[in-house]
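Read the structure below first, then the notes.
The values are calculated or read from the model by the stated rules, or taken from the named source; none is laboratory data. A quick note: this is a predicted structure, and the numbers were derived from the prediction, not measured. Positions of Cβ are generated from backbone atoms using ideal geometry, with glycine treated the same way; all protein chains shown enter the neighbour counts.
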Amino acid sequence: MSAQLVQFLLTGLTVGAIYALVALGFAIIYNASHVINFAQGEFVMIGGMAAASFVEAGLPLPLAALLAVAGAMLVGLALEKLAVEPARGAPVVTLIIITIGASILLRGLASLVWDKKIHALPAFSGETPLNLGGATLLPQSLWVLGATVLTVALLWWFFNRTLTGKAILAVSHNRLAAQLMGISVRRVLLVSFGLSAALGALAGVLIAPISFTSWDIGVMLGLKGFAAAILGGMGSGPGAIVGGLALGLIESLGAGYVSSAYKDVFAFVIILAALIFLPDGLAGRRRATERV
Amino acid sequence: MASPAAAAPPSASSAPRRSLLALAAMVALLPLALPNNYTYEVAILVGLNAIVCVGLNLLIGYAGQISLGHAGFFGLGAYGTAFLAARYGWPTPASLAAAVAAVALLAWAVGRPILRLKGHALAMATLGMGIIVAVVIATEDRYTGGPDGMSVPPLGIAGHVLAGERAWYWVVGVLLVATVWLAQNLIDSPRGRAWRALHGSEFAASAIGIDPARHKLAAFVLSAALAAFAGALTAHYAGFITPAKASFLHSIELVTMVVFGGMASSLGAVVGAAVLTTLPQLLTVFKEYEMVLLGAVLMLTMIFMPQGLVPTLGKTLAAARGKSR
Amino acid sequence: MLLRAENLAKRFGGVRAVQDVSFALAPGTVHAIIGPNGAGKTTLLNLLTGIYQPSEGSVFLGERELTGQPPHRFAAAGIGRTFQNLQIFFNMSALENVMAGRWLHEGGSLAAAALRLPQLARAERHCRAEALSLLDLVGLARWADAASDAMPYGALKRLEIARALAAGPKLLLLDEPAAGLNPTETHEIDRLIRELAARGITIVLVEHNMKLVMGVSGHVIVLDEGRLLAEGEPREVSADPRVIEAYLGVEAH
């Protein structure tokens with residue numbers, strides 16, 4: 001395998017892991033509320049920007065990262081409590097507009113609280129690239145992949161082994177039945193938003209050393225995470241991960257071999273093709289045939 | 001037992017005619033309140049956005065579909081006319097017509113496979129399309145001037161050119177009233193009912209002989225053509241066009257205007273366009289706080305008026321009138 | 001024969017909802033399809049209206065094969081239906097629901113509609129009048145301009161029938177028209193079915209209410225576990241031991 005190909009694959013997997021985390025965030029919120037959270041990308045931005053500003057203020061990196069994720073989680077909880085909950089009965093389109101408003105608001109706040117400049121986060125374990133048979137691998141990439149694997153494992157444990165996690169799954173399958181079983185949907189929504197925000201922020205912190213961070217990186221990242229979630233089958237956890245990785249790889253290979261100017265387009269072209277030929281997504285949830 | 005006197009949804013013929021007259025009156029009288037060229041410019045922009053929104057509302061509010069990529073059609077209309085007029089020297093009425101026709105054709109071709117999708121899959125597909133268009137426009141700078149945009153000849157024929165804020169105001173004003181008139185006619189017709197039926201229940205609509213695919217496509221193509229038309233006009237008015245007009249953010253702005261103003265209401269689409277075009281202009285006074293305020297206004301309005309501005313105000317007025325009896 | 005089903009089968013993954021069902025429906029009679037829950041009645045109805053494509057078999061209306069056509073073509077061929085889970089157009093008033101039902105007779109081009117050509121106004125008035133008379137037929141005249149989402153359940157069931165009638169079907173399939181109705185409302189449905197049959201519309205009733213079925217139909221088809229169990233006149237079928245066995249515990253109301 002040529003070194004160049006390995007290079008592209010590694011880059012693709014790294015970026016793909018980030019997309020996967022963002023896509024998981026979309027999937028978790030969608031499952032709990034059937035809302036597409038257009039502010040998801042902003043959690044990524046908050047993670048990176050907050051961590052960068054904490055580090056610039058002198059805090060050690062681990063603490064800065066932790067505070068950034070915690071802060072984003074609070075923002076997620078606030079979003080649910082102040083914006084989504086009051087609008088609970090509203091049509092889905094309205095809820096989508098609310099999250100769009102939230103993303104505008106958060107971006108505006110970011111430009112005020114921080115600034116519009118590009119910031120960098122120091123790499124977790126140094127900048128020295130590793131050599132993998134001719135291809136260079138940034139140690140940060142290992143952090144990204146490792147953290148993603150760990151996160152996915154923790155999420156699996158959470159959803160399958162804890163009561164709260166199972167409650168979230170129950171709500172996603174059948175809200176009414178879950179309520180009748182005594183599950184508080186409101187709490188489930190709250191946890192879902194908090195969790196998604198944390199995932200997004202984690203992604204932001206992980207990727208910031210590689211691709212920097214600024215007040216408006218959330219938009220494209222959010223869109224691609226959304227695309228990854230749809231590619232994998234909206235609402236499917238494993239689908240989100242597969243979708244994210246696939247997207248990252250496609251983008252990296254496309255940019256490398258076809259055209260780097262059109263890097264952003266590959267993802268969406270593939271999505272379009274997938275939607276037209278595979279409407280349920282790669283790992284699509286088989287929705288029960290609508291009863292008429 | 002529920003009372004049979006509960007108000008019917010606003011589609012009985014009298015209400016739209018009144019709102020059309022109100023709009024026409026507004027367009028005719030507004031210049032009295034506009035002090036300078038800048039305010040005329042804002043009014044023109046409102047009108048152009050409103051034309052797109054009325055069309056988009058037919059798709060979203062009536063036919064019940066979604067498009068997060070309509071700015072793509074807007075941008076293609078703009079660049080289409082710019083390209084034909086600037087690079088090939090076409091007379092601008094011809095380049096405008098050709099651009100709109102080309103976009104309608106593209107929408108027809110693309111719409112057939114895409115409209116089989118529903119809900120968020122459709123949202124994603126239209127979003128993807130819009131982004132692809134925007135990126136292509138920005139990247140192919142040999143043809144489009146790239147991110148810096150390209151200049152556009154003014155709209156005119158045989159030496160007479162449409163120029164100046166006042167002239168454009170009247171042209172856009174008349175076109176807006178005409179668009180709303182056409183839209184309301186459509187809504188009140190059997191075809192309009194067929195579209196609304198599709199929105200209500202696709203199964204039941206097909207059970208009375210309505211072909212969902214054909215009608216969704218018609219709504220999609222019509223709204224795309226209107227977007228392209230407004231885009232082309234914008235290009236000629238501004239004399240310049242940039243890829244930002246085809247961007248995802250612009251698509252979102254358009255959908256937001258429709259939902260904010262109130263879906264299934266042509267007047268709502270116009271109001272939504274008016275508020276969300278002028279509000280950012282007003283908010284530039286606050287400079288850095290502009291985005292924060294805009295986001296906050298959007299969120300608060302949708303939280304407290306989930307059906308959108310016009311339907312909610314309509315209900316409030318109806319309730320107030322009822323109470324005062 | 002008006003409607004003919006030949007060896008219809010429908011599989012969902014591993015589930016055989018309908019298997020090897022064949023029958024023929026004569027015009028001018030009220031037919032009923034009965035069977036225990038899960039017998040495949042609604043699936044069959046969906047097969048007969050094009051909502052499901054059969055895994056095997058075919059559907060004929062008169063001489064014309066309709067198998068594989070999309071639902072709107074079944075409708076255009078003259079088959080109308082109502083839905084078990086109401087599919088009312090809640091974004092429209094009662095009258096507009098019925099007017100929408102007249103689509104096959106109205107149509108018209110997009111341009112004519114947008115430009116509001118004069119003949120359209122006349123056509124609209126006619127459409128309105130027709131819709132009002134249908135609402136009157138089903139007893140909903142006073143609900144004409146009401147928002148459909150403000151109407152009670154029983155009224156909505158009849159609204160669906162009016163809407164289906166607006167299309168002018170030769171064959172009308174009613175999916176559990178009496179479900180959730182009290183005896184008075186059920187009697188109304190009984191009366192309506194007889195009225196429609198008298199007007200020459202062939203009715204097919206999917207129902208659980210045995211009193212209604214036995215009282216109003218001339219031909220009954222019994223489904224059980226996706227298969228045709230028995231068919232014939234109401235009295236024959238209700239005395240058939242296989243039918244009684246399948247319905248263990250069901251007593252005549």
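Laid out as a table, the results:
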| item | result |
| --- | --- |
| Selected residue (only one of A:Leu109, A:Leu77, A:Leu59 is facing chain B (nearest Cβ under 9 Å), under 17 Å from A:Gly47 (Cβ atoms) and surrounded by 15 or more Cβ atoms within 10 Å (Cβ to Cβ)) | A:Leu109 |
| Subset tally (residues that are within 17 Å of C:Ala230 (Cβ to Cβ) and in a strand (DSSP E or B)) for the range C:24-55 | 6 |
| Residue match in the range B:260-267 (condition: within 30 Å of C:Val98 (Cβ to Cβ), surrounded by fewer than 23 Cβ atoms within 10 Å (Cβ to Cβ), modelled with pLDDT under 95 and within 13 Å of chain C (Cβ to nearest Cβ)) | no |
| Set C:Leu192, C:Leu140: member being modelled with pLDDT under 95 and either under 18 Å from the mean Cα position of the chain (by Cα) or closer than 21 Å to B:Gly209 by Cα (or both) | C:Leu192 |
| Where a residue in the range A:88-102 is facing chain B (nearest Cβ under 7 Å) and closer than 18 Å to B:Ser67 by Cβ and its partner, wherever it lies, is part of a helix (DSSP H, G or I) and not basic (Lys, Arg), with Cβ under 6 Å and at least six apart | A:Val93/B:Val259; A:Thr94/B:Met302; A:Ile97/B:Thr256; A:Ile97/B:Val259; A:Ile97/B:Met302; A:Ile100/B:Ile252 |
| Of residues in the range B:1-29 being surrounded by fewer than 16 Cβ atoms within 10 Å (Cβ to Cβ) and at pLDDT 85 or above, the one farthest from C:Arg125 (Cα to Cα) | B:Leu29 |
| Residue list for the range C:79-107, restricted to those being in a helix (DSSP H, G or I) and either out of contact with any Gly (no Cβ under 7 Å at 6 or more places or on another chain) or at the interface with another protein chain (Cβ under 7 Å from one of its Cβ atoms) (or both) | C:Ala94, C:Leu95, C:Glu96, C:Asn97, C:Val98, C:Met99, C:Ala100, C:Gly101, C:Trp103, C:Leu104, C:Glu106 |
| Odd one out for B:Gln281, checked against (1) at pLDDT 90 or above; (2) surrounded by fewer than 24 Cβ atoms within 10 Å (Cβ to Cβ) | (1) |
| Residue in the range B:222-229 that is part of a helix (DSSP H, G or I), of a type outside the set (S, T, N, Q), modelled with pLDDT of 90 or more and within 25 Å of A:Thr99 (Cβ to Cβ) present | yes |
| Test: residue in the range C:48-69 that is modelled with pLDDT under 90 and in contact with a Lys or Arg (Cβ under 8 Å, 6 or more places away or on another chain) | no |
| The listed residue being closer than 30 Å to B:Val297 by Cβ and among the small types (Gly, Ala, Ser), out of A:Gly126, A:Gly146, A:Gly89, A:Gly134 | A:Gly89 |
| Test: residue in the range C:6-22 that is more than 14 Å from chain B (Cβ to nearest Cβ) and within 24 Å of C:Ala178 (Cα to Cα) | yes |
| Hey, B:Val172 closer than 30 Å to B:Arg87 by Cα, under 23 Å from the mean Cα position of the chain (by Cα) and away from chain C (no Cβ under 14 Å) or not | yes |
| Members of the range B:115-168 found to be part of a helix (DSSP H, G or I), more than 14 Å from every other protein chain (Cβ to nearest Cβ) and buried (at least 21 other Cβ atoms within 10 Å of the Cβ), listed by number | B:Trp168 |
| Helices (runs of 4 or more DSSP H) wholly inside the range A:131-182 containing at least 3 residues that are under 30 Å from A:Pro62 (Cα atoms) | A:139-161, A:163-173 |
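Condition check ((1) among the basic types (Lys, Arg); (2) more than 12 Å from chain B (Cβ to nearest Cβ); (3) touching a strand residue (DSSP E or B) at 6+ places or on another chain (Cβ under 7 Å)) across all residues:
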{"site": "C:Asp149", "(1), (2), (3)": "no, no, no"}
{"site": "C:Gly154", "(1), (2), (3)": "no, no, no"}
{"site": "C:Arg158", "(1), (2), (3)": "yes, yes, no"}
{"site": "C:Ala164", "(1), (2), (3)": "no, no, yes"}
{"site": "C:Leu172", "(1), (2), (3)": "no, no, yes"}
{"site": "C:Thr184", "(1), (2), (3)": "no, yes, no"}
{"site": "C:Ile193", "(1), (2), (3)": "no, yes, yes"}
{"site": "C:Leu196", "(1), (2), (3)": "no, yes, yes"}
